[in-house]
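Peer 1: Below: one structure in structure tokens.
The values are calculated or read from the model by the stated rules, or taken from the named source; none is laboratory data. Because the structure is a prediction, the values reported are computed rather than measured. Cβ coordinates were reconstructed from backbone atoms using ideal geometry, including for glycine residues, and neighbour counts include every protein chain displayed.
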Amino acid sequence: MRYAQVHNWTNEESESVQQAHYFHCDQIGIPREMTDKDGNLLWYGEYTGKGRLKEETKVADSAYQPFRLQNQPQKI
């Protein structure tokens with residue numbers, strides 16, 4: 001399964017900027033990796049057998065991955 005996360009923002013010159021990140025999920029919808037439009041790895045996570053995030057690694061500082069189970073944001 002693959003889902004996309006799109007960021008929209010306006011810079012100081014009032015130019016609109018858009019960036020897409022892609023989630024690569026396992027067979028039950030848990031996000032395992034996140035890449036940019038060129039396929040570069042931005043984030044990956046390891047989960048327990050019960051689906052809890054055990055460890056996450058941000059390969060890029062700009063990586064923001066708020067989802068744990070399919071379409072379920074993390075509790076802050």
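Peer 1: Out of the range 5-54, which residues are over 14 Å from P66 (Cα atoms), in contact (Cβ under 8 Å) with a residue 12 or more places away in the chain and among the hydrophobic types (A, V, I, L, M, F, W, C)?
Peer 2: Hits for the range 5-54 are A20, I28, L41.
Peer 1: Specify the residue that is surrounded by the most Cβ atoms within 10 Å (Cβ to Cβ); the eligible residues are those in the range 27-58 that are of a type outside the set (D, E, K, R), at pLDDT 90 or above and assigned to a loop (DSSP other than H, G, I, E, B).
Peer 2: N40
Peer 1: Ok, one more. Hey, does the range 10-20 have a residue that's assigned to a strand (DSSP E or B), modelled with pLDDT of 75 or more and surrounded by 11 or more Cβ atoms within 10 Å (Cβ to Cβ)?
Peer 2: Yes, the range 10-20 contains at least one residue that is assigned to a strand (DSSP E or B), modelled with pLDDT of 75 or more and surrounded by 11 or more Cβ atoms within 10 Å (Cβ to Cβ).
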